[in-house]
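Engineer: Submitted below is the structure of interest, expressed as structure tokens.
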Amino acid sequence: MTPVVKQTSVSPTVAAIISTMRERLITGYYPSGTWLPSERDLATEFSVSRILIRAAITELEKSKLIICNAHHRPRVANISCAKRRTSKNRTKSLALWISPNPQWPGTVMVMKGIQEAAAGDWRVVLGSPVGETKADIKASEIRFLQQIYQDNDVEGLIISCMGGVESVPALKAIQSLNIPLVFIDHLPPKDIIGDYVGVNNKKSMEKAVRSLYMLGHKNIAYVSNYDEYSTVSDRVDGYKSALKHSGVNFRPELVEIDPGPSGEDQQEGCESLIERLLALPIPPTAIACVNDITAFRVISAIKKLGLRVPEDISVMGFDGVERWLPNPPFLTTSLQPFDRIGSHAMELLLERYEVESEFPSRHIILETTFQSNASTIAIPR
């Protein structure tokens, strides 16, 4: 049992710091054997002086949660926690962290693929982002990972990681328990080695933008978003690559970032960026978007300005979510094989679970299917 820190002789501020850091040490947010953050970083995080941080560290050392040596940062002690393996004769728990939400059609298909590959032998503990800001979303992911670390029934994790470097300590703590970990959609954050399943985002966007060029469009805008994931950067690279291979000069003014909807106005920000694009001396005749959701917002903003899609401007997305709607698809897009992403992810996880030995991480990159629909048309050359 981990000794309890006695806090009778410390100030309330120091006691609060000790409580937070103690929870992080026990849950694995600060993984065993690693260095604690520097005094300066901790002082900045807790908005206190380094003297108070030193006082907290002194108390934590007494509890044997950290090891202090001269001329070095404190090291996290090896806190006793047996690696988990339940009997393979009973149903096991799979943790699934996925975005944007369980109702989104792509999410449903990923879950379908996972369940089919699992063959009914696993139950799913599902989590998805909570909050509007990046900080809220990252915090909700870290909370979920910390809960998984403490859940003795969880034997595997499939994650669409959104927290980036902030989630690394919690991910490392989960890996320390010998829990198989597979990333989907977004590549693993730096310092985490893990299996991955996704699509060839760069090649897919390059092919899609090239299709606009083949329709006669030479002034092609691109609307991205503020997400910091590998999928977003890869698709921007695909857009630029398509222009280069088509002999079209890249124009930075044709690249915009959609700030996303606000609670009051679902088109706030999007309408402004469309106005900026159309006000350029040489405006775009087509717009490629980072995903279908952004494309739908772009189309709504264009119509609100009194213009038509595709007669006045063509619009293209990425994902293919309209295929599950009752009406025929309107948006030209790249169809992601969401069910196959889920099934491949589960297969990779099962292989690691069954073998119970370490082997190199594997990346499965799937191709998308380009689908030309009514939101894009050819223009005179």
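Engineer: Hey, among Pro189, Pro169, which residue is assigned to a helix (DSSP H, G or I) and over 30 Å from Ser314 (Cβ atoms)?
Structural biologist: Pro169
Engineer: Across segment 55-72, which residue is modelled with the lowest pLDDT among those that are crowded, with 16+ Cβ neighbours inside 10 Å and not acidic (Asp, Glu)?
Structural biologist: The residue in question is Ser63.
Engineer: Please find, within segment 142-170, the residue that is surrounded by the fewest Cβ atoms within 10 Å (Cβ to Cβ) out of those that are closer than 22 Å to Val232 by Cα and of a type in the set (A, V, I, L, M, F, W, C).
Structural biologist: Looking at residues that are closer than 22 Å to Val232 by Cα and of a type in the set (A, V, I, L, M, F, W, C), I get Val165.
Engineer: Take Ile365 and decide whether it is farther than 21 Å from Gly198 by Cβ and of a type outside the set (Lys, Arg).
Structural biologist: no
Engineer: Within the set of pairs 6+ apart or on separate chains, which have a first residue in segment 282-302 that is of a type in the set (Gly, Ala, Ser), a second that is at pLDDT 95 or above and part of a loop (DSSP other than H, G, I, E, B), and C-beta atoms under 6 Å apart?
Structural biologist: Ala286/His217; Ala295/Gly317; Ala295/Leu331
Engineer: Before we move on, is Ser224 in contact with a strand residue (DSSP E or B) (Cβ under 6 Å, 6 or more places away or on another chain), outside the structural domain of Thr133 (by TED's automatic domain parsing), of a type in the set (Ser, Thr, Tyr) and surrounded by fewer than 22 Cβ atoms within 10 Å (Cβ to Cβ)?
Structural biologist: yes
Engineer: Look through Val48, Val10 and report the one residue that is part of a loop (DSSP other than H, G, I, E, B), more than 24 Å from Ile179 (Cα to Cα), modelled with pLDDT of 90 or more and over 26 Å from the mean Cα position of the chain (by Cα).
Structural biologist: Step by step, each of Val48, Val10 is checked, and only Val48 is part of a loop (DSSP other than H, G, I, E, B), more than 24 Å from Ile179 (Cα to Cα), modelled with pLDDT of 90 or more and over 26 Å from the mean Cα position of the chain (by Cα).
Engineer: Just to be sure I understand the filter: pairs with C-beta atoms under 9 Å, separated by 6 or more residues or on different chains, first member in segment 145-168 and under 21 Å from Glu347 (Cβ atoms), second member among the acidic types (Asp, Glu) and not in a helix (DSSP H, G or I). Which pairs pass?
Structural biologist: Ser160/Asp185; Cys161/Asp185
Engineer: Every residue in segment 194-230 that is part of a helix (DSSP H, G or I), polar (S, T, N, Q) and at pLDDT 95 or above, please.
Structural biologist: Asn201, Ser204, Ser211
Engineer: Then there's this: Does Arg352 satisfy the criteria of being in contact with a helix residue (DSSP H, G or I) (Cβ under 7 Å, 6 or more places away or on another chain), modelled with pLDDT under 95 and assigned by TED's automatic domain parsing to the domain that holds Glu155?
Structural biologist: When the stated conditions are applied, Arg352 does not pass them.
Engineer: Just one of (1) among the β-branched types (Val, Ile, Thr); (2) in contact with a helix residue (DSSP H, G or I) (Cβ under 7 Å, 6 or more places away or on another chain); (3) touching a residue at least 60 places away in the same chain (Cβ under 8 Å) trips up Ile192, so point out which.
Structural biologist: In the conditions (1) among the β-branched types (Val, Ile, Thr); (2) in contact with a helix residue (DSSP H, G or I) (Cβ under 7 Å, 6 or more places away or on another chain); (3) touching a residue at least 60 places away in the same chain (Cβ under 8 Å), Ile192 misses (3) alone.
The values are calculated or read from the model by the stated rules, or taken from the named source; none is laboratory data. As the structure is a prediction and not an experimental result, all values here were calculated from the model. Note that we place each Cβ from the backbone using ideal geometry, even for glycine, and neighbour counts take in every protein chain shown.
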